[in-house]
1. How much of the calculated P(r) for the range 233-347 lies past 25 Å, in percent of all Cα pairs?
2. With a probe of 1.4 Å, find how much accessible area the range 35-188 has per residue, and write the answer as a whole number in Å².
3. What is the distance in Å between the Cα centroid of the range 117-163 and that of the range 275-346?
4. With all protein chains present and a 1.4 Å probe, how do D287, D279, D67 order by accessible area, largest first?
5. Determine the alpha carbon to alpha carbon distance for each of K249/K356; K94/K229; K272/K298 and list only those over 22 Å.
6. With the contact rule set at Cα under 8 Å and sequence spacing of 6 or more, what percent relative contact order holds for the range 43-101?
7. For the chain, set up a Gaussian network in which alpha carbons nearer than 10 Å are linked by springs, and say which option among I154, I345, I115 fluctuates the most.
8. Helix-only estimate, please: 222 nm mean residue ellipticity of the chain, summing -39500 (n - 2.57) across DSSP H runs of length 4 or more and dividing by its residues, to the nearest 500.
Amino acid sequence: MSRSLAAGEVILQLLQNFQRPRIFWLRLRHLSVKTQGVPLPDNEAERLKALAEYNILDTLPEEAFDDITALAAYICKTPIALISLVDSDRQWFKSKVGLKVSETPRDGSFCSHAILQPENILVVPNAIHDDRFNNNPLVKGNPKIRFYAGVPLITPNGLSIGTLCVLDTIPHHLSYQQLDALRRLSRQAIAQMELIQEVRNRKQASLTDELTGLHNRRGFFLMAEQELKIAHHTKAFCWVIFIDLDGLKQINDTLGHDIGDALITDAGQLLKQSFRNSDIVARLGGDEFIVFISSYFKDADSIQVYLQANIANFNQQQNRSYELSMSMGIERYSPESNMSLEQLIASSDELMYAHKRLKRQSLT
């Protein structure tokens, strides 16, 4: 915290020559009516979608965000500072100084008003005198909020997903330099969210097959190892299905690699649609696919019949220059066998080649 205080002093010195920001002062109204519902932004659906894409709601505290709220509280000399994200029916605090609760209802909240004016800083000098806020639980009860200043958190696409705000239990006033510092810190909060999202996307890309969008080999092993541990502890049955596309080389040689890629993509989509979202469907590379599923099939034959029916239905309905065909090997994991993932894959691979040989023999 001492480093944050020192940084705050430096920032205050640098802010002396900053350009004054636009400020949106709430007009104080001394009406006796009760707090009315806050209108939704015109772009509410897009705003909520952008917030969801950050995958930040209900996550654990992070030092980078806590540093921002600590600096905001120090610079503005307020006991409370929040990074508040406005969800559909609540405002959730990614970082908080001086407040114990992690979320409050969105209806009637300060931040719900602030996001309506993305280009401005919303300042409420004394909430008890404003009928828009005097019924807010944080104003009527503890911690008895009186002052609020909130800067909307604006995404690169111009969507306001929340605020960086400071609050006090007594009426308060901020200088132009303090307000400008809040705006600059709000940009740092968004920049940190963008950075986290970029790292997550790159990690996801490293686990994803570029052609099909399925998990790649690395992604499959990471996820299947975890699922196998769970199956072992819960004594559950699982299946590993090793799949090889029939005739891909011939299609590449006669119709071209673009058609071969289309065949691989169709196979990936068919497999993805054939199983549940909780199952792990991956492309190992080339013409090889693998699936890890929990035991909702009674035996290997029922899995093979199910997949062959889906393949036949695809070939009947789709107007393609090729027919989709798969050879498959299916191995069951049982808790008493305690087979490793590598053993399951090796066994299902052998069974797949046996299936492929049988199909070739039937054609001769």
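1. So the pairs more than 25 Å apart make up 25 percent of the total in the range 233-347.
2. Computed with neighbouring chains in place, this is 41 Å² per residue.
3. 54 Å
4. D67, D287, D279
5. Table pairs above 22 Å Cα-Cα are K94/K229.
6. Across the range 43-101, relative contact order equals 34 percent.
7. Evaluated over the chain, the most mobile residue of the options is I345.
8. Value at 222 nm, helices only: -14500 deg cm²/dmol.
The values are calculated or read from the model by the stated rules, or taken from the named source; none is laboratory data. Bear in mind the structure is a predicted one, so any value in this text is a computation, not a measurement. Quick reminder, even Gly has a Cβ in these numbers, built from the backbone with ideal geometry, and neighbours come from all protein chains shown. Side chains are part of the model used for accessible areas, which takes the heavy atoms of the whole protein and leaves out ligands, DNA and RNA. Shrake-Rupley method; radii C 1.70, N 1.55, O 1.52, S 1.80 Å.
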